[in-house]
1. Quick one: Karplus J couplings for segment 186-203, per residue in order, coefficients 6.51, -1.76, 1.60, θ = phi - 60°, nearest Hz, x for Gly and Pro?
2. What is the set of long-range amide H partners of residue 220 at a cut-off below 5 Å, with H atoms built 1.01 Å from backbone N?
3. Where a Cα-Cα gap under 30 Å defines reach, which lysines qualify for residue 8, not counting those fewer than 8 residues away within the same chain?
4. What is the log10 of I(q)/I(0) for segment 2-47, computed with the Debye formula using one identical point scatterer on each Cα and no solvent, at q = 0.23, 0.24, 0.32 Å⁻¹?
5. When only alpha-carbon atoms count, how far does segment 183-246 stretch along each of its three principal axes, as whole angstroms with the largest first?
6. Work out the FRET efficiency for residue 203 and residue 183 from their Cβ-Cβ distance, taking R0 = 25 Å, and round it to the nearest 0.05.
7. Can you give me the C-alpha center-to-center distance between segment 97-112 and segment 171-245, rounded to a whole angstrom?
8. For labels at residue 234 and residue 66 in the simple 7 Å Cα→Cβ model, what's the distance in nm?
Amino acid sequence: MEEKNNQKEELEREIEKLKEQVELERLRKERDELREKLKADNNGKYSNPTANSIQSDNREDDDSEEDNGKMKGMLTVVLSALAVVMIIIIGITVFRINKESKKIAEKIENVQSQEEKTEKEDNQKSDIEVVVSTPQAPGTATQGTGQNTSDPNVVIPQTPVSDAAAQGNQQAKPEEEIKKGTEYYTKSTKGPVNIRKTSSKNSSLQDELPDGVVLKFIGKEGKWYRVSYTVNNQTKEGFVHVSQIKKK
């Protein structure tokens, strides 16, 4: 019996050893498989650089596309803001132009109204008839009343005379201004036209000209005209009396 028990124990020990060996073999296989996997992974990384570079390029392209999208968005915002600012500036400018044009139109209307007023006043002044009343002798009757003007209580109505009209009657018409260089011609009545050195009949005689010689006006001294004329291709200056010249 003891022998059988011993044999049984030995068998169990051998079985345990076999189990341990099987477990060791299994662990070795797993270890080898892991090693093979690691080698394969390492070989894949270093043996295919093109694929890795392509992947990195794709990532960079994606990043650049994102950056471009952001830039486009920012540009859109900036352009829209500039458009709004330009619209505001244009609106303000148009408003100012309209305001200035209204002011100018009002000024023009005021000037026109003032001109119309002055024209009306001038027309009214020109329409006033100036009546000069003559003094009546004492004892004569006023026109249309039959009353005696010698009575101190009787007041004779007189037509008012404007100051402008009175001054217009008193002042003579202004003398027409003669432009320098105006052409006149000698007018011979009794013999030649006398050209003198000064504006006086007592002045010495400079030239005697026939009728129709061209004289160019230079100046005036009383009734004497200072003129220039040409005789024998020589231009001279002298004085001639008004009675001895004429216009064409």
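1. Per residue, the Karplus-derived 3J(HN,Hα) values read 5, 10, 8, 10, 10, x, x, 8, 8, 10, 10, 7, 10, 8, 7, 5, 7, 6 Hz.
2. 226
3. 17, 19
4. -0.78, -0.80, -0.97
5. Here the Cα extents, ordered largest to smallest, are 27, 24, 21 Å.
6. Efficiency for this residue pair is about 0.60.
7. 55
8. 11.1
Readers should treat all values here as calculations from the given coordinates under stated rules, not as data from a laboratory. Predicted, not measured: the structure shown is a model, and the values here were computed from it. Note that each Cβ is placed from the backbone with ideal geometry, even for glycine, and that neighbours are counted across all protein chains shown.
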